[in-house]
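> Questions regarding the structure given below will be posed in turn.
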């Protein structure tokens, strides 16, 4: 089976979410094959889960290195994620049967295999529903998340399902700024810095390139697919930009401090 591989994009968070939503809708309608992509965020951004209704008011005024920190809403569920020093993955596919947790873990196989090829072993989290009381996605790790041997959460994932179609995307911690994380969430980030991979793989120009290549190779093997590298076309960009905006918005009663 051929899947589409969309080259790495570094654009604002609102546009990244619009791309993910558009790819999912097109696949759900039978107009687009399964797809894999990786992306980074042009500036620090907090993404809120689709149903998240509570977050600190002061997040609206946060800055980092003289840049405002944007707030966007994901089309998927879960809690808030700070996107800075991370790599985001996205999978759109269908045909995965069983419980939601089964589909999460089926997709997560390529993440575990790819990081294992870099010498990093990952395990599923064990947290229950208590995560809903914490606005910070990386504050807890459920069975849909991947943690290091010390329990630190390395990858947080979220899903959207419609009929047989699934959108799963998630954040992979690479080089997070600990001070910024503490400012946003009021807690210390777990020890998840993977900067040491630069020493282990000096032939790679960036950590994003190292991890992205390992995960791409793992996806082809784990899913038994052929990945066809194909950038978004001008026509596709027009469709993405024309769809409903995913600006966070602050309707009455939603901007509640926690």
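> Extension gain residue 100-residue 237, at 0.36 nm per residue separation less the Cα-Cα distance, in nm?
Fully extending the segment from residue 100 to residue 237 adds 46.2 nm.
> Right, here's the next one. Answer rounded, prolate or oblate for the range 7-51, using the Cα gyration tensor with square roots of eigenvalues a ≥ b ≥ c: rounded when a/c is under 1.5, else prolate when a/b is larger than b/c, else oblate.
Cα axes put the range 7-51 in the oblate bin.
> Please work out how much length the chain gains when fully extended from residue 177 to residue 229, using 0.36 nm per residue of separation minus the C-alpha to C-alpha distance, in nm with one decimal.
15.6 nm
> So, one more: By its C-alpha gyration tensor, with a ≥ b ≥ c as the square roots of the eigenvalues, how is the range 2-242 shaped: rounded for a/c under 1.5, else prolate for a/b larger than b/c, else oblate?
In terms of gyration-tensor shape, rounded.
> Also, quick follow-up: Which order do peptides 61-68, 40-47 fall in by mean Cβ count within 10 Å, highest first?
Ranked by mean Cβ neighbours within 10 Å, highest first: 40-47, 61-68.
> When the Cα centres of the range 73-109 and the range 25-41 are compared, how far apart do they sit, in Å?
Taking the Cα centre of the range 25-41 as reference, the centre of the range 73-109 is 13 Å away.
> Then there is this: Given 0.36 nm per residue, what is the gain on full extension from residue 64 to residue 116 after removing their alpha carbon distance, in nm?
Between residue 64 and residue 116, full extension yields an extra 15.5 nm.
> Related question: Over all directions, how big on average is the projection of the convex hull of the alpha-carbon atoms in the range 1-104, in square nanometres?
That works out to 7.7 nm², a quarter of the Cα hull's surface.
Read-outs: derived from the displayed coordinates by stated rules, not from any lab. Please read all numbers here as calculations on a predicted model, not as lab measurements. Quick reminder, even Gly has a Cβ in these numbers, built from the backbone with ideal geometry, and neighbours come from all protein chains shown.
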